[in-house]
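The values are calculated or read from the model by the stated rules, or taken from the named source; none is laboratory data. A quick note: this is a predicted structure, and the numbers were derived from the prediction, not measured. Methodologically, a virtual Cβ is constructed for each residue, glycine included, from the backbone with ideal geometry; neighbour enumeration extends over all protein chains shown. Side chains are part of the model used for accessible areas, which takes the heavy atoms of the whole protein and leaves out ligands, DNA and RNA. Shrake-Rupley method; radii C 1.70, N 1.55, O 1.52, S 1.80 Å.
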Amino acid sequence: MTSAQRRDAHGAAAVPRDAGEATPAAGQAATGQAAAGQAATGQAPSSQAVLESCPDALLVVVEDGTIRMVNAATERLFGYTRDELLGQDHRMLLAEGFRSGFQRLFFALRRDVDGGALPPVEAYGLRRDGSEFQGEITCSLVFPAARVVGTAPNPPADPDAGLCMAVLIRDTSHRLEADTELRAAMSLLTATLESTADGILVVSGKGQIAGVNNQFTSMWGIPRELLAARDDDAVLAFVLDQLVDPAQFIEKITALYADPDQESHDVLDFRDGRTFERYSRPQLVADEVVGRVWSFRDVTPARIAQDQINQAMADLAEQAAQLKDLAFKDPLTRLFNRQLFNDRLAGALQGPLGTAVDVLLLDLDDFKEVNDIHGHHAGDQMLIEVGRRLRACVRPDDVVARLGGDEFVVLLVGSLDAEAAAERIVEALKVPLRIDGTMLRPSLSLGLASISEDAVDASELLRRADVAMYAAKTAGKNRYLRFRPEMMAALVERTEMEAGLRLAVDSGQIAVHYQPILSARHGAVVKVEALARWERDGDLVPPQEFIPVAERSGLIMEIGTEVLLTGCTEMKSWLAEDPVRSLAVNVSGVQLQHGDFAELVLAVTESCGVDPRQLVLEVTESVFFDDDCHVIQQLAALRKAGVRVALDDFGTGYSSLGRLQDLPVDTLKIDQSFVSMIHTGAEKLPILTSMISMAHGLGLTVTAEGVETEQQAKYLLRLECDSLQGFLFSRPEPRPLLASAIGRSAAAFTALGGDRVSGNR
Ligand code: C2E
Ligand code: CA
Ligand code: CA
């Protein structure tokens, strides 16, 4: 601010500039000496002495503006002597711009009946040396008869003087400096408070709102009038109404007011979704707590960003879990996979010595048939259910894994009784399950191997469990077996058998035996079944043992062709005698998988000179349900060429009578297990009755297998079974012995007598 501006600003209130003509009052000149004299006496100082010792400049100015009296401080302040001042116009002491207004002031004082002083005004004084200073001027009227209380009466007032004014001038230039600093500090503080993004609230020690910044009101949306009304309760209610948890807010305030020195920092959630950070610290003045400062920061964008980061992290974690799941879980059953099982097994084997580690390896029995007959959906459902049951049989921490296909494994660590767990599993699996409306009875073969001195590594344990499982399958399935060293010998045997079988196939050791089949209608043998025989070191190896090995190794292709070729060759002459006669040959599903099977069969019959119409191929029902429809096509092509198809072992699989009508077959071979239900011949066996009548209804002929007793034969004949095959008539015999076997068979049939119901098929 320039000097001129200052003057304009203060001019209105300044000491009047044109206050009339100065009239010197010489009588006042001696006041200085008088004061000094009184001070020396030790009595109460005279009013004159007080005036002289007053640190502020004191002047008496008469109505026309003339200086009538000054004190010592006036001389000091302005640099004039008393004589130079008395009788002069007071305006000589005021800086340019402050010299007017004396008259107005005078009138204002006069109007005031009490004659009291006006509030001080600020003005600039002018020293003798021309320098200016800032001062504060206070004026009051001096009545001619006024007395100073407690002093001797004033000398009689000059009758010419009339009213005059006492003017007190105080140099305030020192204050200006402090004020400027304070103002600067205040302005800085205000600017800071108002420019911060934080909302600030200051609450007094008594809990009343002492101040807020604009940001506070706008952040909280507090109406100005609410703050102006100074109704703190209403403000609080307004604040609380916006919060998600007002009770917590109150609780925090209460806790802080109980402990005024405490600082705090927390987060407030708003109902509109915003989030504020709240800081609170005591307001201190000279180390004393006089209130509390609250500051609020809107951290909503930061929180939203943080929420997004958290969400992204959660998504990532979920993806990682999913990836881990993919890596370690079987997607179908949600069980662990081979990888995880291997890891856990390796971990378990490195555990403390003496901890039991058991591996239970299991494989569903005849699962392929479930898949083939009921479809993959049913197969999947069964696997899922098996997985569920397995889990229920063991402790939550035990590892249950699906190794692939229908093979599962359970790892027990620290189990007290692994055999009990194996037993539970086998029993649990026996419970039938309903899939797509069909009741299925799962069964499994389980091999159990445990850690021991001679089996400490994972691969050995697994190998042993596998050997035990294979032994359980061989022993008749649907059971568990614990590994025993002898089983290893069986495994070796299996491997040796495969090698031996290959040798046998190559060196022509596979022979064929023929079993006669009696026709009820003809009362004679019109069909023989060719059955493979392996003569090994002088002993006959049962087909049940070597056929599965041949199927697994693929050797069945060569064996099957060999049996067909030998059969056609050896039976050609017998077949040629009567076109009604036929030769039945067993065909494995593996053979039918080969695309050129039909061609091969027809090539063999042709090369042997056998009429295809005299050939019957025996297949089990599972071959019809393979995905490859060329199996059906092959059989259809063969049937077109006159070859007939028999459904072998009927009733043992997962099939049902209902499916029969869809199958491209000519004959049904009822499995021996049904025939063996006939003991006395007097029992009621509706299953046999319906099998036969249904087959007839579909235009199929029926052969009963494994007929061993006359009762069985008679019973079956009464049910109009078309053909009978079994030890009652003849065992399978090599070609040279077949003629007599056929003769014996016919004789045995005749021996059944008139009981037989002659059929017409
Ligand atoms: P399959 O086709 O059901 O053959 C009938 C089996 O029952 C024969 O056993 C036969 O000796 C036996 N059998 C016949 N009558 C009776 C009886 O009254 N009582 C008893 N207990 N058994 C009787 P085999 O010759 O041991 O053949 C067993 C199985 O091996 C056959 O069952 C067949 O599935 C398979 N097989 C045999 N030869 C071949 C072949 O050349 N190719 C294929 N793929 N499988 C064959
Ligand atoms: Ca057969
Ligand atoms: Ca059979």
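The charge dipole of the range 285-370, taken about the Cα centre with unit charges on the Cβ atoms of Lys, Arg (+1) and Asp, Glu (-1), comes to about 240 debye, rounded to the nearest 20. Highest mean first, the peptides 581-587, 635-641 sorted by other C-beta atoms within 10 Å per residue fall in the order 581-587, 635-641.
Restricting attention to the chain, lysine pairs at least eight places apart or on different chains and with alpha-carbon atoms under 30 angstrom apart total 28. For the range 638-652, putting each phi into the Karplus relation 6.51 cos²θ - 1.76 cosθ + 1.60 with θ = phi - 60° gives couplings of 5, 5, 4, 7, x, 5, 9, 10, 10, 8, 7, 6, 4, x, 8 Hz, in residue order, rounded to whole numbers and with x for Gly and Pro. For the range 329-483, the residue among ILE435, GLY476, LEU345 whose Cα projects farthest onto the positive side of the dipole built from Cβ charges is ILE435.
Phi angles of the range 325-332 translate, via the Karplus equation with coefficients 6.51, -1.76, 1.60 and θ = phi - 60°, into HN-Hα couplings of 4, 4, 6, 10, 10, 7, x, 6 Hz per residue; Gly and Pro are given as x. Between the beta carbons of VAL244 and LYS324, assuming R0 = 45 Å, the FRET efficiency works out to 0.80 to the nearest 0.05. Would you kindly find the accessible area of SER573, with a 1.4 Å probe and non-protein molecules such as ligands, DNA and RNA excluded, rounding to the nearest 10 Å²? Surface open to solvent at SER573 totals about 70 Å². The calculated FRET efficiency for ARG441 paired with HIS377, based on their beta-carbon distance and R0 = 25 Å, is about 0.85. Extension gain for ALA475 to THR196 (0.36 nm times residue separation, less C-alpha to C-alpha distance): 91.8 nm.
Of all the accessible heavy-atom surface of the range 196-302, with the other protein chains kept in place and a 1.4 Å probe, what percent is carbon and sulfur? Ligands and nucleic acids excluded, carbon and sulfur reach 53 percent.
Using a cutoff of 8 angstrom between alpha carbon atoms and counting only pairs six or more residues apart, the relative contact order for the chain works out to 6 percent. Ranking HIS374, HIS522 from most to least accessible surface, computed with a 1.4 Å probe over the protein chains only, gives HIS522, HIS374. Remark: the range 442-483 carries 42 Å² of accessible area per residue (probe radius 1.4 Å; ligands, DNA and RNA excluded).
Surface listing: TYR257, TYR514, TYR470 arranged by accessible area from highest to lowest gives TYR257, TYR470, TYR514, probe 1.4 Å. With r defined as the distance between the Cβ atoms of ARG271 and ASP233 and R0 fixed at 22 Å, what FRET efficiency is calculated, to the nearest 0.05? For R0 = 22 Å, the calculated efficiency reads 0.60. The residue list TYR124, ALA550, ALA511 was ranked by how far each Cα lies along the charge dipole of the chain toward its positive end, using unit charges on Cβ atoms, and ALA511 comes out on top.
Using a simple spin-label model with pseudo-atoms 7 Å out from Cα toward Cβ, SER740 and GLU263 lie 11.6 nm apart.
Ranking VAL426, LEU446, VAL467 by how far each Cα lies toward the positive end of the dipole of the range 329-483 (charges on Cβ) leaves VAL426 at the top. Rounded to the nearest 20, the size of the Cβ-charge dipole of the chain about its Cα centre is 1180 debye, with Lys and Arg at +1 and Asp and Glu at -1.
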